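Below is one structure, written out as structure tokens, with a few remarks after it.
The values are calculated or read from the model by the stated rules, or taken from the named source; none is laboratory data. Everything numeric in this text was worked out from a predicted model, so none of it was measured. FYI the Cβ positions are ideal-geometry reconstructions off the backbone, even for glycines, and counts take in every protein chain you see. Ligands, DNA and RNA are stripped out before the accessible areas are found, and what is left, the full protein with its side chains, is counted by its heavy atoms. Shrake-Rupley method; radii C 1.70, N 1.55, O 1.52, S 1.80 Å.
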Amino acid sequence: MGGWGSGRTGGRPIAETALRIDFAWMLRSGYAREGALSNGSLHWTCRGEPSGDIRYSCDMLDAENARLRLIFTVIDHRRDEKRPYEQLVHLSYTVPHFGGKRWWMHCPHNGSRVGKLYCPAGADTFASRTAWRIGYRSQRETDCDRAFSQIAKLQSRFGCEGSFEDPIYRPKGMWRRTFARHEERYWELRDRCDYEWLKMAAKLTGLGDRLGV
């Protein structure tokens, strides 16, 4: 797996940039099957480009001793070499009140029962979000970042890909009342972006104290 094992780059990992294994999805999609031995590959993409892949073997023949084996290659940049790596993930299940089984993976770091495992960039192990102390991109955004990202998201919804100053337009078929709510939100965000832009400009020019921002 290209780039894995290169070491942590510092800071708290972000869920959006980590590879993720969702075992419920694997069951729904047929990648793993209860009472059977399944083998295959998992692939990830980022912005339409390949970002990682691994091979796996899922043994669920014996429900009491089920396990998921992950097989991939780790790159050791210090030694400039690749080495094969296997990780064994133990599986267990609970029985909901409505019947059936709900399957879980166990984090190799703390043993917790989880539905998803993550491998951040630069790491070589899949573990729980708690073990990796993984956050979300929104938790790292400052007020300034948040204002610009929110207006960009709203503009993208209406096919506007220019600067934050570009207004949105009502698409054909959208109710005027519905669009009016979005437009009101746009101008609220636009005011916030204007204010944040003014603060940044004031800091750069040394006018912040004089302008009260």
- Query: From the backbone phi of segment 177-193, what are the Karplus-calculated ³J(HN,Hα) couplings (6.51 cos²θ - 1.76 cosθ + 1.60, θ = phi - 60°) in whole Hz, Gly and Pro given as x?
  - Reply: 5, 5, 5, 4, 5, 5, 5, 4, 5, 4, 5, 5, 5, 4, 4, 5, 5
- Query: By how many nm would the segment from Asn39 to Asp53 grow when fully extended, if each residue of separation counts as 0.36 nm and the alpha-carbon distance is taken off?
  - Reply: 3.7 nm
- Task: Run the quick spin-label model on Asp166 and His90: label points 7 Å from Cα toward the beta carbon, then report their separation in nm to one decimal.
- Result: 5.4 nm
- Treat each spin label as a single point 7 Å out from the Cα along the C-beta direction, and report the Asp191 to Phe98 distance in nm. 4.5 nm
- For His109, list long-range residues whose amide hydrogen, built 1.01 Å from N in the peptide plane, is under 5 Å from its own amide hydrogen. Ser128
- Leaving ligands, DNA and RNA out of it, rank Phe148, Phe98 by accessible area with a 1.4 Å probe, largest first. Phe98, Phe148
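How do Tyr93, Tyr195, Tyr186 rank by accessible surface area computed with a 1.4 Å probe, from largest to smallest? Walk me through the numbers on the way to the answer.
Working: Tyr93 70, Tyr195 105, Tyr186 0 Å².
So the residues, ranked largest to smallest area, are Tyr195, Tyr93, Tyr186.
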- Query: Hey, with R₀ at 30 Å, roughly what FRET efficiency would Thr178 and Trp25 work out to, going by the Cβ-Cβ distance, to 0.05?
  - Reply: 0.35
